[in-house]
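A.B. asks: This structure is in structure tokens; I'll ask about it shortly.
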Amino acid sequence: MAKSAQHAPVVHSRGPDPIDVEVGLNLRRARRERGVSQAEVGDALGITFQQVQKYERGANRVSASMLVKAARFLGVRAADLLPPDDNARSSEALLRRLADSPAAGRAVEAYCGIPSPVLRRTVLQLMRALSAQADPVSDD
């Protein structure tokens with residue numbers, strides 16, 4: 001009798017897949033850029049706004065058909081909602097951290113809203129200095 005091949009066990013990580021998180025972040029960005037609410041997206045796609053929230057957080061995966069429908073509704077290409085091929089793995093850790101911290105998204109939005117490049121650099125320097133001195137316990 002032939003021996004069965006032994007395979008390494010598949011390890012499933014907890015939490016959303018980083019690619020699903022990135023798709024959700026891209027969906028949120030496209031929706032916000034167009035001034036559309038989650039409820040409006042949900043109505044257009046025949047789903048609840050809660051489902052749209054789950055898509056945007058990466059908690060639920062967006063099917064291919066739903067991705068295409070969402071892209072059409074938002075007037076973007078479906079590919080615009082997908083992560084870039086060469087960047088998907090390199091941004092994995094950052095996406096997990098962003099998904100785990102509700103305040104991170106608000107901080108990024110506030111930073112992007114600063115019109116002065118000099119002021120943005122100053123804010124970034126301040127954030128780096130504060131994070132170097134930060135207590136490892138998080139409030140988020």
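The values are calculated or read from the model by the stated rules, or taken from the named source; none is laboratory data. It should be emphasised that the depicted structure is a prediction, and the values quoted were computed from it without experimental measurement. Counting neighbours? That spans all protein chains shown, and the Cβs are built from the backbone with ideal geometry, glycine included. In case anyone asks, the SASA skips ligands and DNA or RNA and just uses the protein heavy atoms, side chains included. Shrake-Rupley method; radii C 1.70, N 1.55, O 1.52, S 1.80 Å.
A.B. asks: Yes or no: VAL23 modelled with pLDDT of 95 or more, aliphatic (A, V, I, L, M) and over 24 Å from MET127 (Cβ atoms)?
C.D. replies: Working: modelled with pLDDT of 95 or more: no; aliphatic (A, V, I, L, M): yes; over 24 Å from MET127 (Cβ atoms): yes.
Spelling it out, it is not the case that VAL23 is modelled with pLDDT of 95 or more, aliphatic (A, V, I, L, M) and over 24 Å from MET127 (Cβ atoms).
A.B. asks: Let me ask something additional. With respect to ASN87, is the statement that it is at pLDDT below 95, surrounded by 13 or more Cβ atoms within 10 Å (Cβ to Cβ) and part of a loop (DSSP other than H, G, I, E, B) true?
C.D. replies: Working: at pLDDT below 95: yes; surrounded by 13 or more Cβ atoms within 10 Å (Cβ to Cβ): no; part of a loop (DSSP other than H, G, I, E, B): yes.
Spelling it out, it is not the case that ASN87 is at pLDDT below 95, surrounded by 13 or more Cβ atoms within 10 Å (Cβ to Cβ) and part of a loop (DSSP other than H, G, I, E, B).
A.B. asks: So, restricting to helices (runs of 4 or more DSSP H) that lie completely within region 18-80, which ones have at least 3 residues that are over 18 Å from the mean Cα position of the chain (by Cα)? Quick ask: steps written out before the conclusion?
C.D. replies: Numbers: elements: 18-33, 38-45, 49-57, 64-74.
Correct list: 38-45, 64-74.
A.B. asks: Mind counting the residues in region 41-62 that are open to solvent by 50 Å² or more (accessible area, probe 1.4 Å), of a type in the set (Gly, Ala, Ser) and modelled with pLDDT under 95?
C.D. replies: Final tally of qualifying residues: 1.
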